[in-house]
């Protein structure tokens, strides 16, 4: 994935839009909720189907048959750009995998299971207000 495609498709703006979700209790002191890369990728696919097709990567998850997924791409790009202070209005954290068996997501009726649960902690991101 070229940097020019990231810019051309305005992926940072679109991901920020996805991360602009409100908490079930918007006045709670925890603030906005975090989203995993899978949730971001599934929302991106639903909101921007033409861009999703143009990128040409599957959402991701266990058993997709390839290691290069949209969820992984978004996680890597967000992590690198946050680390380099290129993105300052999004924060990342890890969800510890201890005692977690699985995380499942609904992608238009298709169940996607997180492939990260056995190997490493799962990244998650949220908009900073």
Condition first: in contact (Cβ under 8 Å) with a residue 12 or more places away in the chain and closer than 16 Å to residue 128 by Cβ. Now tell me which residues in segment 22-36 satisfy that.
31, 32, 33, 34, 35
From 112, 87, 40, which residue is crowded, with 16+ Cβ neighbours inside 10 Å, part of a loop (DSSP other than H, G, I, E, B) and touching a residue at least 60 places away in the same chain (Cβ under 8 Å)?
87
Residue that is nearest to the chain's Cα centre (by Cα), among those in segment 90-109 that are modelled with pLDDT under 90 and surrounded by 15 or more Cβ atoms within 10 Å (Cβ to Cβ)
103
Sort out which residues of segment 58-76 are under 21 Å from residue 4 (Cβ atoms) and in contact (Cβ under 8 Å) with a residue 40 or more places away in the chain, and write them in order of number.
73, 74, 75
Check segment 6-19 and report whether any residue there is in contact (Cβ under 8 Å) with a residue 40 or more places away in the chain and over 25 Å from residue 121 (Cα atoms).
yes
Please specify each residue of segment 43-71 satisfying the condition of being part of a helix (DSSP H, G or I) and buried (at least 21 other Cβ atoms within 10 Å of the Cβ).
44, 70, 71
When residue 62 is evaluated against the numbered criteria (1) touching a strand residue (DSSP E or B) at 6+ places or on another chain (Cβ under 6 Å); (2) at pLDDT 90 or above, which criterion, by number, is the only one it fails?
(2)
Pull up segment 1-36, narrow it to residues that are modelled with pLDDT of 95 or more and in a helix (DSSP H, G or I), then point me to the one that is surrounded by the most Cβ atoms within 10 Å (Cβ to Cβ).
15
Among (1) under 19 Å from residue 12 (Cα atoms); (2) in a loop (DSSP other than H, G, I, E, B); (3) free of Cβ contacts under 8 Å to residues at least 40 places away in the same chain; (4) in contact with a strand residue (DSSP E or B) (Cβ under 7 Å, 6 or more places away or on another chain) - the single one residue 102 does not satisfy
(1)
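The values are calculated or read from the model by the stated rules, or taken from the named source; none is laboratory data. If you're wondering where the values come from, they're calculated on a predicted model, not measured in any experiment. Note that we place each Cβ from the backbone using ideal geometry, even for glycine, and neighbour counts take in every protein chain shown.
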